[in-house]
């Protein structure tokens, strides 16, 4: 199997196609509004004349590198190229403003490679047992895991807990637009048929992050490079030293494991993995107050987790025919067009698919570090342009991304989200919390509704019916109560 994987990646002209895929994936991931799913969809046009095995090798390379590429603009522009890089902005952008953009990108690339390689090894060795475990998850378990991601609202901004929770509730309200997942009842559509499918996340993300940041920066004719610590638009990426790598070793290990497991769960994906691991490390850290101020632990948590989720997402796809995320679903559709039947029999009859995917992920996660360094320098050069010129270019790319995702309605949503972002800033609300509520709100509702029906309207069974859901929901309750319990614990310690 290992030899067949090597031949699939290095045989013929496949290696050159993998290099092209890494370059395209990194650029697509770095561009605002081009999600990993869209990057894979754009890559499909290159695979029409390919055989099935080279096609999945090519698409996997685009998938993995696009997740990493999103960290470049998240750090340099405070605009996450892909949704899963949103937590990277919390510490990456402050480091860039402090003149440490090269170091921040180096940490992001190194941790991305670690998370991707770890998940690739797990995928190759434990595909069947891990897939069986994921398939055994009930709807209540899936709700509990998704709700765990929402629970991080209580620790997302420790200094402004009330406004952060209000922002999360606003995101949940936006997630309610569309149709009820069970009854099909229209909600908050105001007679607009195009809102029946709900609000597309990508236009909202672009509006809240990209458009709002452009409107903020174009208020003056300054050069972003001079003011924000990135000298003359030049970034010399610095890989973390051995001392720094050793300091975050447990962060990378924990987030690699958690990110891989979350990636295996159908429908979870890299975004939930990055948000959940960022919150987890915030809680476990000896200095949680430094999170959000520019600390490599925050970048390591986000980038290790979202890249680890890529390998996890391929596990149920290859062994069960169940895509672990949207990008994996696009891959499955592409292979179905070529007559490949994904599922349990695939690894028995065509084991080269697993080995080719594994080798492709290993090669991609190693080479993308070198390629991304060069691409980061190109994007950093853009920062030397006055923002009055650069802003419209970013808005143009944002318009293209929004239109590609949701048509004219997507553009309208992006504009509204951009205006909302200005209001959010003036009211000191939290944009990341809004996105979190929107992303996870729909998933939470779908899983809870199905579990509610399957357990005959018994809420207790939904929440505590299985050991997994009971443990996770208990952890969620403790996390949500932590802002109120923390002062009491400190008071008791002082009395002692």
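The values are calculated or read from the model by the stated rules, or taken from the named source; none is laboratory data. Keep in mind the model is a prediction, meaning the values are calculated, not measured. When we count neighbours, we look across all protein chains shown, and the Cβ atoms used for this are built from the backbone with ideal geometry, even at glycine.
Details
- Across segment 323-344, the qualifying residues are those that are over 17 Å from residue 36 (Cβ atoms) and buried (at least 20 other Cβ atoms within 10 Å of the Cβ), and the one among them that is modelled with the lowest pLDDT is 342.
- Residue selected from segment 420-431 under the condition more than 22 Å from the chain's Cα centre (by Cα) and in contact (Cβ under 8 Å) with a residue 40 or more places away in the chain, by the criterion nearest to residue 174 (Cα to Cα): 420
- For segment 241-297, the tally of residues that are without any contact (Cβ under 8 Å) to a residue 12 or more places away in the chain and in a loop (DSSP other than H, G, I, E, B) stands at 3.
- Between 19, 42, the distinction of being surrounded by fewer than 24 Cβ atoms within 10 Å (Cβ to Cβ), at pLDDT below 80 and in a helix (DSSP H, G or I) belongs to 42 only.
- The listed residue being at pLDDT below 70, in contact with a helix residue (DSSP H, G or I) (Cβ under 7 Å, 6 or more places away or on another chain) and under 18 Å from residue 121 (Cα atoms), out of 317, 347, 354: 347
A quick yes/no check of all residues on (1) at pLDDT 80 or above; (2) in contact with a strand residue (DSSP E or B) (Cβ under 7 Å, 6 or more places away or on another chain):
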| residue | (1), (2) |
| --- | --- |
| 368 | yes, no |
| 371 | yes, no |
| 384 | no, yes |
| 396 | no, no |
| 410 | no, no |
| 413 | yes, no |
